[in-house]
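Before any comments, here is the structure.
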Amino acid sequence: MLARVRSAALGIVLVLASCGASAPPSPPAPLPARTVRYTFALEPDLEHMHTTVCFEDGVPDALAAIHEEGRARVETAEVLRADGPHALPIDGEISLRGVAPGECVRYRVDLAPGRRATPGAPGSYRVGDDLVAPTSLWLRAPSPRDASTAMLARFVLPDGVRASTVWPDADEEGWMRIDERAFRYIAYVAFGELEVERVPVPGGCIDAVVLDGALQIDAEQRRAWLGTAGRAVSRVLGRFPAERAGVIVVPTPFADTPVLFGIVGRGALPTIALLVGENARPDALVPDWTAVHEFTHLASPFVERDEAWITEGLATYYQQVLRAREGMLTPEQAWNEMLHGFARGRSEGTGRTLREESRDMLRTYAFGRVYWSGAALALMADVAYRRSSDGQGSLDDAMVRASDRRDETLRADELVRAMDGGDGGPFAQVIAPWIDRDEFPDVDETLAWLGVRRGVAGVELLDAPGAAIRDAIMNPGAPLASNPDGCR
Ligand SMILES: [Zn+2]
C-alpha cells in the first residue's frame, strides 16, 4: 500500500497512504542562508503538540498543511514576542504576514484519535498507551520555500516518551535535518515508551519499535522476521532500498493472518507500519509475505494510487519471487502462490479495464484484481526482459535502472520508460495490450512456456523451453551488500 500526501488513501484498521524510499545520506554540508527550525513539543497525554518554528532569515508567507487532513487540526497559532504571544490568522494555512526574520511562531495541533475530517486520511490511532500520529497531522510546510532553505527539526518529549525513527539522526545539538520529501509524503510516527530495536539488513538498518500490546514473538524473533524480509528484498537492487527505515510494529488482536496489514510512508526516511497478530507465531511470521511486499515498494519510485496497478503489481510479483530467493518458500510454493493469486485476480473485479479498475479501486475494493493483474504483467515483463537479452537482463535490472528516481513521484508510463530505458521496451510492450482491456492479462501462455502447470497435488514444474528462465527467476542471484557495523 502507499500513497502520497495529496491523494486520499483508503483506511483499514490503522492507516493508509504513502510509500517510501530514501537517498543515500550525503556528507553534512554547510547550512544554506535561509534556515527554519522546528521544535515539536508533545504534551504528556500525547494528544496535543506545540510546534515552535523559528525563521532565522527570510520568512515565508505561510505555514501550509502537507495534507488535507492537517488543515483542521491547528487550534491556535501565534507569533512569540517580548511583550507576549500575538495571535496569527488561521485559514487552513497559518498566515505569517508581519512575522519578522529572527522571530518564532508557535502552533498547537490536536492529535486526538477519532477525528477523521478527510475520508481515507490516515488519522491518529491509540495503540494501548502509545499513539500513532502521521506527519500529515502535525507537520506544516513553509510556503513558499526553495531548495536553498535548510530545515531542522527536533522533538521535545515528555519523560520516558520517544518517537519512532522518522528522520535522520540528530546532530550534536539535537537537530535532525529534514528535506522536501518530509513535506511531499506522509510518514508514520509513533510516540510512547518505545524501545528502538535495530535490525541490520544488507547495506542498511531497520529501526523497529513495538507498540503497547502483547505479542507472542520475542525481540530475537522480530529481528529474524524483519531481517529475513529485508534480506529478501535486497535481492532486487543488491542492497536494502534504504540505508535507514523506521518500522512500527502494531500488536493487533483478532488477526487471522500473521500480519493483518502493512502500509508504507515516504519522507526523509521511509516509515513502515505493520499490524502483527497478537497470536502470530514465529514459524508463520517469518515466511509471511507482507513485510517483503511493503519493503519492495521502497525499491521503486512512487506512483499515485490511481495507477497503483504498476507498483502493487511489482510488489505482489516480487513477494513470491523474493521469498523463494531467500529460502522462505520453495520455488514450487512460490509458483503455487502465484497461480492462486492469478486465479483470485481473474475471479475478482468489477468488469472495468485495468486502468479504470486501478483508478476506482478505493471505491470498488477490487484490490485482488488490480494487484494480481499487475503481478501477471510483472511476470510477463520479467520473462520478456530475460528472453530479449538471452538471459542477461531481467526485471531486477529494470528496477535498478529506475531506482535512482525512487525519491520521485512518477506516472506509470514514466516508470515503465525508466525501467525499459526508453520508449517501447519490453515492459511497455507487455502492458500495451492489457491496460485498456477488461479481461485479466493472459499469463497462461507464459506459464506454459516456463513449464509451470497446476497439477492435482499442487504446482508441477516441467521440462519446457523456458525452464532455465523459470529457475533463474527464483535463483538467489548475486551477493548482497555488506553491513560492516551491524547497526550497533
Ligand atoms: Zn502494496
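Checked against the criteria, Ala464 counts as touching a Leu at 6+ places or on another chain (Cβ under 8 Å), more than 24 Å from Glu348 (Cβ to Cβ) and surrounded by fewer than 17 Cβ atoms within 10 Å (Cβ to Cβ). Residue pairs whose Cβ atoms lie under 6 Å apart, separated by 6 or more positions or on different chains, with the first residue in the stretch 436-448 and in the same structural domain as Thr353 (by TED's automatic domain parsing) and the second surrounded by fewer than 12 Cβ atoms within 10 Å (Cβ to Cβ) and not hydrophobic (A, V, I, L, M, F, W, C), are Asp438/Gly351.
Yes/no per residue for (1) part of a helix (DSSP H, G or I); (2) crowded, with 22+ Cβ neighbours inside 10 Å; (3) under 18 Å from the mean Cα position of the chain (by Cα); (4) within 16 Å of the ligand (Cβ to nearest atom):
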position	(1), (2), (3), (4)
Ile310	yes, yes, yes, yes
Val321	yes, yes, no, yes
Met328	no, no, no, no
Asn336	yes, no, no, no
Arg355	yes, no, no, no
Ser358	yes, yes, no, yes
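For the stretch 308-367, the set of residues classified as aromatic (Phe, Trp, Tyr) and touching a Gly at 6+ places or on another chain (Cβ under 6 Å) consists of Trp309 only.
Scanning the stretch 246-292 for residues that are within 16 Å of the ligand (Cβ to nearest atom), over 21 Å from Cys487 (Cβ atoms), part of a strand (DSSP E or B) and not aromatic (Phe, Trp, Tyr) yields Val259, Leu260, Gly262, Ile263, Leu275. Considering only the stretch 407-434, state which residues are buried (at least 20 other Cβ atoms within 10 Å of the Cβ) and of a type in the set (A, V, I, L, M, F, W, C). The answer is Leu410, Ala412, Leu415, Val416, Ala418, Met419, Phe427, Val430, Ile431, Trp434.
So which of Ala147, Ala182 is exposed (fewer than 14 other Cβ atoms within 10 Å of the Cβ) and touching a helix residue (DSSP H, G or I) at 6+ places or on another chain (Cβ under 8 Å)?
Numbers: Ala182 fails: exposed (fewer than 14 other Cβ atoms within 10 Å of the Cβ).
Answer to the selection: Ala147.
Inspect the stretch 129-140 for any residue being within 20 Å of Val36 (Cα to Cα), in contact (Cβ under 8 Å) with a residue 24 or more places away in the chain and of a type in the set (A, V, I, L, M) and give the result as yes or no. Yes, that holds for at least one residue. Condition check: within 16 Å of the ligand (Cβ to nearest atom), of a type outside the set (D, E, K, R), in a loop (DSSP other than H, G, I, E, B) and in contact (Cβ under 8 Å) with a residue 24 or more places away in the chain. Does Ser300 satisfy that? Answer is yes for this residue.
Scanning the stretch 406-445 for residues that are modelled with pLDDT under 95 and either basic (Lys, Arg) or part of a helix (DSSP H, G or I) (or both) yields a single hit, Arg406. Taken as a whole, the stretch 255-266 holds at least one residue that is over 24 Å from Arg305 (Cβ atoms), surrounded by fewer than 21 Cβ atoms within 10 Å (Cβ to Cβ) and either out of contact with any Lys or Arg (no Cβ under 9 Å at 6 or more places or on another chain) or modelled with pLDDT of 95 or more (or both).
Residues of the stretch 338-348 being free of Cβ contacts under 8 Å to residues at least 40 places away in the same chain and buried (at least 17 other Cβ atoms within 10 Å of the Cβ), which ones? Break it down into steps so the answer makes sense when it comes.
The initial filter retains those residues of the stretch 338-348 that are free of Cβ contacts under 8 Å to residues at least 40 places away in the same chain, namely 340-341, 343-344, 347-348.
Within the stretch 338-348, Gly341, Glu348 meet the criteria.
Taking the stretch 161-176 as the range and being surrounded by fewer than 22 Cβ atoms within 10 Å (Cβ to Cβ) and closer than 27 Å to Gly262 by Cα as the test, the residues that pass are Val161, Arg162, Ala163, Pro168, Asp169, Met176. Please specify each residue of the stretch 200-209 satisfying the condition of being surrounded by fewer than 24 Cβ atoms within 10 Å (Cβ to Cβ) and of a type in the set (A, V, I, L, M, F, W, C). If the condition is that a residue be surrounded by fewer than 24 Cβ atoms within 10 Å (Cβ to Cβ) and of a type in the set (A, V, I, L, M, F, W, C), then Cys205, Val209 are the ones that fit.
Residues in the stretch 466-485 that are outside any helix (DSSP H, G or I) and within 28 Å of Ala242 (Cα to Cα): 12 in all.
Within the stretch 356-371, one or more residues are within 27 Å of Ala468 (Cα to Cα) and in the same structural domain as Ile469 (by TED's automatic domain parsing).
Every residue in the stretch 96-137 that is among the hydrophobic types (A, V, I, L, M, F, W, C), surrounded by fewer than 21 Cβ atoms within 10 Å (Cβ to Cβ) and at pLDDT below 95, please.
We begin by selecting, within the stretch 96-137, every residue among the hydrophobic types (A, V, I, L, M, F, W, C); these are 96, 99-100, 104-105, 109, 111-112, 117, 121, 127, 131-133, 137.
In the following step, the residues that additionally are surrounded by fewer than 21 Cβ atoms within 10 Å (Cβ to Cβ) were identified as 100, 104, 112, 117.
Selection gives Ala100, Ala112, Ala117.
The values are calculated or read from the model by the stated rules, or taken from the named source; none is laboratory data. All values derive from a computational prediction rather than experimental measurement. Note that we place each Cβ from the backbone using ideal geometry, even for glycine, and neighbour counts take in every protein chain shown.
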